[in-house]
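K.L.:
So that we are looking at the same thing, I have put the structure below in structure tokens.
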Amino acid sequence: MAGNPVIALRRWLSVSPHPRIFSRPMAKSSPRPKKSKPARSAPATRSKSAPRGDGARTRRTRLPDADTVWSMYRKMVEIRSFEEHVWDVYTRGLMPGLAHLYIGEEAVAVGACTALRTDDYITSTHRGHGHCLAKGARLEGMMAEIMGKEAGYCRGKGGSMHIADMSVGNLGANGIVGGSFGIATGAALSAKLRKTDQVAVCFFGDGAANQGILMEAANMAVIWNLPVIYLCENNQYGEHTPFEAVTGVKEIVDRAKGFGMDGERVDGADVLAVLEVIRRAVDKARKGGGPTFVEAVTYRFKGHHVGDAAGYRTKEELAWWMDNKDPIQLLARDMLKAGVATDEQLLAVQEQVEVEVIAAVEFAREAPYPAPEQAFEDVYS
């Protein structure tokens, strides 16, 4: 059908109770701004624009079935809305501590988890809300945990960086950079020893890619031929540092060769490309083909955490990624072009999701805090 693929997103802006950063129109062609020079000399890198399909073997020529496409679109909108409300909850002083928002990276979690079964495993990071929701976490339990309430997944004791839900294979977010490598590898070993065809996906960032445990875990996975996928979300910055300034390879996926495993690089803004790449890796792992290393090139639209103004990157750089690489807008454009959706249908999903997320916030606000006598429960001693 004819029409602008982001009309619905613009409409949502006009009815939303707070500003939405994914209501920006897609740019037809926008030159990529030069990135701020790193603090020290670093290896030259490829264009940060990461063209669509970059790193994938073959760009898919058609959409998956309509149900899958709509499910992925809805889940990405859910994650975006949830994170924006987390930001709002933080600014109103309704949550303890900080949160690391997943805004802009939704396609990686949704594409990857769509390729998995409920009994497959994931391990997450400090920026883990999107992973948890994509793997099936409930909005109410997530928001309650973030606000420190007893109704949360960890009874309000874990907070933003330590949410787990074993019932859907989510082995937990982790506040330790690189802390999930051993957990995911161990889960894959468990699946192999139990002779199931379960697969483990280990989400980690470009900063964690420099942690020594990655080499140890990856080496073990190759030697024992484990069903694990190491999925690097390269969002260009380890906290405040450009990854080129502290990484000795131009593309993180190049390290797969040293580990002795297959590696692929994919456009992390393209949920369909992510789905295709992870499906291949999952299928290989289930058939006994061993581990895979995937680098998803992505970008976070917010700072490292909710209190970070992100002054280490230029406004032009941020605007380029938001205008050209918003994963929700990219999928909406594909859906409209293929005739799978109309502007009105996209808007209806956004409005329904917004109602659900607001209800989750209200549920969490009204839920009680853990009783003081529970302080020493659910802890190791």
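The values are calculated or read from the model by the stated rules, or taken from the named source; none is laboratory data. Here the structure is a predicted model, which is why all the values come from computation and not from measurement. Because the Cβ atoms are built from the backbone with ideal geometry, glycine has one as well, and the counts that use them run over all protein chains shown.
K.L.:
For region 114-137, give me each residue that is in a helix (DSSP H, G or I) and touching a residue at least 60 places away in the same chain (Cβ under 8 Å).
P.N.:
Result: Thr114, His131.
K.L.:
Only one of these is surrounded by 12 or more Cβ atoms within 10 Å (Cβ to Cβ) and on the phi < 0 side of the Ramachandran plot: Glu366, Glu356. Name it.
P.N.:
Of the residues listed, the single one that is surrounded by 12 or more Cβ atoms within 10 Å (Cβ to Cβ) and on the phi < 0 side of the Ramachandran plot is Glu356.
K.L.:
I've got another one for you. Would you pick out the residues in region 196-230 that are among the acidic types (Asp, Glu) and within 23 Å of the chain's Cα centre (by Cα)?
P.N.:
Selection gives Asp206 alone.
K.L.:
Answer yes or no as to whether Met161 is within 25 Å of Ala269 (Cβ to Cβ) and in contact (Cβ under 8 Å) with a residue 40 or more places away in the chain.
P.N.:
Answer is yes for this residue.
K.L.:
Among (1) farther than 24 Å from Met72 by Cα; (2) without any contact (Cβ under 8 Å) to a residue 24 or more places away in the chain; (3) not in a loop (DSSP other than H, G, I, E, B), there is one condition Ala309 misses while meeting the rest; what is its number?
P.N.:
For Ala309, the exception is condition (3).
K.L.:
Report those strands (runs of 3 or more DSSP E) wholly inside region 173-291 carrying at least 1 residues which are touching a His at 6+ places or on another chain (Cβ under 7 Å), aromatic (Phe, Trp, Tyr) and modelled with pLDDT of 95 or more.
P.N.:
Numbers: elements: 200-205, 228-234, 262-267.
Counting at least 1 such residues, we get 200-205.
K.L.:
Filtering region 78-97 down to residues that are in a loop (DSSP other than H, G, I, E, B) and among the small types (Gly, Ala, Ser), which residue is farthest from Glu356 (Cα to Cα)?
P.N.:
Looking at the filtered set, the residue picked out is Gly97.
K.L.:
Only one residue in Asp343, Asp323 is more than 16 Å from Glu84 (Cβ to Cβ), in contact with a helix residue (DSSP H, G or I) (Cβ under 6 Å, 6 or more places away or on another chain), in contact (Cβ under 8 Å) with a residue 24 or more places away in the chain and surrounded by 13 or more Cβ atoms within 10 Å (Cβ to Cβ), so which one is that?
P.N.:
Numbers: Asp323 fails: in contact with a helix residue (DSSP H, G or I) (Cβ under 6 Å, 6 or more places away or on another chain).
Just one listed residue meets the conditions, Asp343.
K.L.:
Are any residues in region 147-190 among the basic types (Lys, Arg) and crowded, with 18+ Cβ neighbours inside 10 Å, and if so, which ones? Full working, then the answer.
P.N.:
To start, the set of residues in region 147-190 that are among the basic types (Lys, Arg) comprises 149, 155, 157.
Of everything in region 147-190, just one residue is among the basic types (Lys, Arg) and crowded, with 18+ Cβ neighbours inside 10 Å, namely Lys149.
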